[in-house]
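Below you'll find the structure, written out as structure tokens, and then a few comments.
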Amino acid sequence: MVWFVAFGGTALFHEIKGISNTSSQVYTQPKTGLFLMLNQLPFGSMLSILALFLICFFITSANSATYVLGT
């Protein structure tokens, strides 16, 4: 829940203040929304790489948990 509040609030702040035009880009390509928002922050490239690793970790963990519960 904190993830949605922090990143959603940051994206809205950037949109309202005119720092970036993320909404039109996300409208055309929704998959890029997280990375567009992270690139507006300091160390955006490193945060994007970290986010990618975390996403892969969560997917792998969920897959493993599903496999264990299924057996």
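Computed quantities for the displayed model
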{"quantity": "Phe53 free of Cβ contacts under 8 Å to residues at least 12 places away in the same chain, surrounded by fewer than 13 Cβ atoms within 10 Å (Cβ to Cβ) and either touching a Ser or Thr at 6+ places or on another chain (Cβ under 9 Å) or on the phi > 0 side of the Ramachandran plot (or both)", "calculated": "no"}
{"quantity": "Qualifying residues in segment 26-35 (those that are part of a helix (DSSP H, G or I) and without any contact (Cβ under 8 Å) to a residue 24 or more places away in the chain) - the one nearest to Ala51 (Cα to Cα)", "calculated": "Phe35"}
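No value in this document is a laboratory result; all are computed from the given coordinates. Small disclaimer: the values here were computed from a predicted structure and weren't measured. So basically every Cβ, Gly included, is an ideal-geometry build from the backbone, and we count neighbours across all protein chains shown.
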